[in-house]
Amino acid sequence: MKKIMFVGSVGVGKTTLTQRLKGLELNYYKTQAIQFYDAIIDTPGEFLQHRKYYNALTVTAAEADVIGLLVSVVDTMQTFPQGFSSLFTKPVVGVITKIDMAEDDSKIDRARQQLKQAGALQIFEISAVENKGIAALEEYLREE
Ligand SMILES: Nc1nc2c(ncn2[C@@H]2O[C@H](COP(=O)(O)OP(=O)(O)OP(=O)(O)O)[C@@H](O)[C@H]2O)c(=O)[nH]1
Ligand SMILES: [Mg+2]
């Protein structure tokens with residue numbers, strides 16, 4: 001199992017996805033600090049939104065096998081700087097969240113473009129709430 005570290009803006013769905021992957025009940029709580037689990041590291045959105053925390057992200061990334069960058073279909077603002085993946089020495093994948101909220105494919109395409117510009121190679125489309133696309137991500141994390 002690969003250990004993945006989730007990075008993305010406040011409310012993008014990192015904790016909800018973590019709960020879904022761990023088979024827990026979906027319960028909202030605000031992430032206040034980096035949370036370490038067996039195969040997942042869940043970070044607070046503030047760590048992306050304030051550059052002073054980048055160092056904490058890169059240091060913590062040393063404990064992960066892969067970095068997962070999250071963008072939701074309802075995000076209209078750019079959340080990742082171009083080439084954000086170069087902060088990390090680990091492979092970087094993208095996760096498009098909340099696809100249940102996409103009125104049309106253009107919203108998914110917009111998120112995909114942003115993740116590509118951030119440097120994500122492989123991109124997954126998921127809805128943690130509706131349990132869509134989770135199996136494909138799990139499969140990727142299970143691959144050696
Ligand atoms: N419709 C829908 N809502 C979702 C989905 N995933 C998360 N949400 C909602 O989005 C809100 C924020 O989700 P979180 O998982 O707490 O977001 P986060 O990225 O952990 O946020 P921070 O901890 O603040 O950085 C919650 O109200 C979730 O229920 C999804 O797949 N679909
Ligand atoms: Mg959270």
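Summary table
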read-out: Alpha carbon centroid spacing (whole Å) that separates segment 110-144 from segment 1-53; value: 15
read-out: In Hz, Karplus ³J(HN,Hα) per residue of segment 16-25 (6.51, -1.76, 1.60; θ = phi - 60°; x = Gly, Pro); value: 4, 5, 4, 4, 5, 5, 8, x, 8, 5
read-out: Fraction of antiparallel bridges per DSSP, segment 4-142 only, in percent to nearest 5; value: 15
read-out: Asp65 accessible area, 1.4 Å probe, all protein chains in place, Å² to nearest 10; value: 80
read-out: Accessible area in the full protein assembly, largest first, 1.4 Å probe, for Ser127, Ser85; value: Ser85, Ser127
read-out: Under 5 Å, built H, 5+ apart or other chain: amide partners of Ser72; value: Thr97
read-out: Solvent-accessible surface (1.4 angstrom probe) belonging to Met101, in square angstrom, nearest 10; value: 100
read-out: Residue order for Thr43, Thr16, Thr76 - accessible surface, 1.4 angstrom probe, largest first; value: Thr76, Thr16, Thr43
read-out: Residue order for Lys107, Lys116, Lys30, Lys52 - accessible surface, 1.4 angstrom probe, largest first; value: Lys52, Lys116, Lys30, Lys107
read-out: Descending semi-axes in whole angstrom, ellipsoid equivalent of the chain, from the Cα gyration tensor; value: 19, 18, 15
read-out: Karplus 3J(HN,Hα) series, Hz, for segment 44-57 with 6.51 cos²θ - 1.76 cosθ + 1.60 (x for Gly, Pro); value: x, x, 4, 5, 8, 7, 10, 4, 4, 8, 4, 4, 4, 5
read-out: Computed [θ] at 222 nm, deg cm²/dmol, the chain (DSSP H ≥ 4; -39,500 (n - 2.57); rounded to nearest 500); value: -8500 deg cm²/dmol
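The values are calculated or read from the model by the stated rules, or taken from the named source; none is laboratory data. All values reported here derive from a predicted model rather than from experimental measurement. SASA here: full protein model, heavy atoms, side chains in, ligands and nucleic acids out. Shrake-Rupley method; radii C 1.70, N 1.55, O 1.52, S 1.80 Å.
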